[in-house]
Amino acid sequence: MPPSCCASLSQYTHHHLVVFLLTFFSYVLLHASRKTFSNVKVSISAQWTPSILNDSSPTWQDNRLFEDEKQATLFLGILDSIFLFSYAVGLYLSGVIGDRVNLRYVLCFGLCGSAAVEFVFGTLTEWLHIYNIYLYSSLWVLNGLLQSAVWPCVVAVMGNWFGKAGRGFVFGLWSACASVGNILGAFLASSVLKYGYEYAFLVTSVVQFAGGVVVFFGLLTSPKESETGLGPIETDTDSHKPLMSDEEDEVEVEKYSRRGQSAEQPVEAPAESPQAIGFLKAFCLPGVLPYSLAYACLKLVNYSFFFWLPFYLSNNYKWKEAQADRLSVWYDVGGIIGGTFQGLISDFMGKRAPVLVVSLTLAIGALVGYSRSPNDQVINGVLLAITGFFIGGPSNIISSAISADLGRQDALRGSKEALATVTGIVDGTGSIGAAAGQYLVSLIESKLGWMSVFYFFIVMVR
């Protein structure tokens, strides 16, 4: 690793480890509950449409929502879009709120509130036999708003504790939280799905609520809250500068040549607590808009795999729903490895953009290969992992490390309280693209088939 990266890693304390784990598992639990919905779509679709078995049930005939499975599938796509649009709007708001209110309060409110909504949506409505598209839509809007409070807060907390040195590796490893959550959610859902999809929602929502309580009592949002008065691991004098410039190498050389002299200089008194940056000013920061737009296209593809992969495997290859759920985790395994490896490479290079360009170029070939996967679970799993490596990896890097870089650049030296706002802008813009994509995926699939969906993905990645 580069000298700055090694020096930073050697200074981490148990406080940094606890913060890493608590923020990591906060988003793991959130994504596990989010993944549940995509993993039980086949069961929900069957419950919302008539069949030979339930035609004789008067209760079902009074409450069925759709005439056939295609209508149910289209509504499931609409629910995905509803969730992501409300999630995107919430990200813009929660990022601003997170820079002005204690991050722990916002984070726990999002976790516990979302768990309660998911319990009502998937479990309580089924127990009480309440089937209403307006109720489902309203609950999913609320769920998107509540879940949007989590990501800007956890990225801001990580940014408070971990400086630029080694950020690509640390955030690349940490950003695997979404993929780990997908894997956990897939296994939890598949393990109880035989009892009914409502129990999949029950298990994940209860676990998520419990996690929110643990985070509330155990998370320190910044080194200033610790009794030891630790400072963030920030060994670089240019820690506010994102890794997007060709001037990085020159700055690093000059920095290390002056290190001996700067060590003898007296430490200045800490400045007053900076004020939070405005939303429009954060949106106009260098790099925020182009990375936000790029992330919108990439998150559209990444979340399409997230929401539709189990459904695609079950319908296209006629595999059992539990088998499709377990096989889909290989996409997330590839994303975990891709995010960590590519983050480490970006630390070595001192730049993130070239790594992303190479990965996304190779992602085109991966998408073409996976679209032609044979009806073999082993080959399908390998191709899924490769696709996840080249798509999920860059997605993790942009949403975490690059967002932190953008939120700690030179323009913010007088206002460091911008991490949550910038993260909310990047992820919010990405979620708008993902929201539009989920409806388009269901529409394209119903009109043209799955092969056309993969061509659509290739256009977005390019």
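The values are calculated or read from the model by the stated rules, or taken from the named source; none is laboratory data. Note that the structure is predicted; figures quoted are calculated from it, not measured. Heads up, the Cβs are rebuilt from the backbone with ideal geometry, glycines too, and the neighbour counts pull from every protein chain shown. Areas reflect the complete protein model, heavy atoms only, side chains present, ligands, DNA and RNA absent. Shrake-Rupley method; radii C 1.70, N 1.55, O 1.52, S 1.80 Å.
Quick notes on this structure:
- Relative contact order [Cα under 8 Å, 6+ residues apart], region 276-461, whole percent: 39
- Value of D in µm² per second that Stokes-Einstein yields for region 276-461, Kirkwood Rh from Cα pairs, at 10 °C (1.306 mPa s): 92
- Listed peptides 370-378, 439-447 appear in the order 439-447, 370-378 once ranked by packing, highest mean of other Cβ atoms within 10 Å at the front.
- Taking Cβ atoms as reference points and 14 Å as the exclusive limit, the residues near Ser38 contribute a net charge of -1, counting Lys and Arg as +1 and Asp and Glu as -1.
- Above-threshold pairs, the threshold being 19 Å between Cα atoms, out of Lys70/Lys194; Lys41/Lys318; Lys299/Lys351; Lys70/Lys447; Lys35/Lys70; Lys70/Lys299: Lys70/Lys194; Lys299/Lys351; Lys35/Lys70; Lys70/Lys299
- When the solvent-accessible area of region 276-461 is split by element, carbon and sulfur atoms take up 72 percent of it, the probe being 1.4 Å.
- The modelled label-to-label distance between Lys194 and Val368, using points 7 Å beyond Cα along the C-beta direction, is 4.3 nm.
- Coupling constants for region 306-320 follow from the phi torsions by the Karplus curve (6.51 cos²θ - 1.76 cosθ + 1.60, θ = phi - 60°), and in residue order they are 4, 7, 10, 4, x, 5, 4, 5, 5, 7, 7, 9, 6, 7, 4 Hz; glycine and proline get x.
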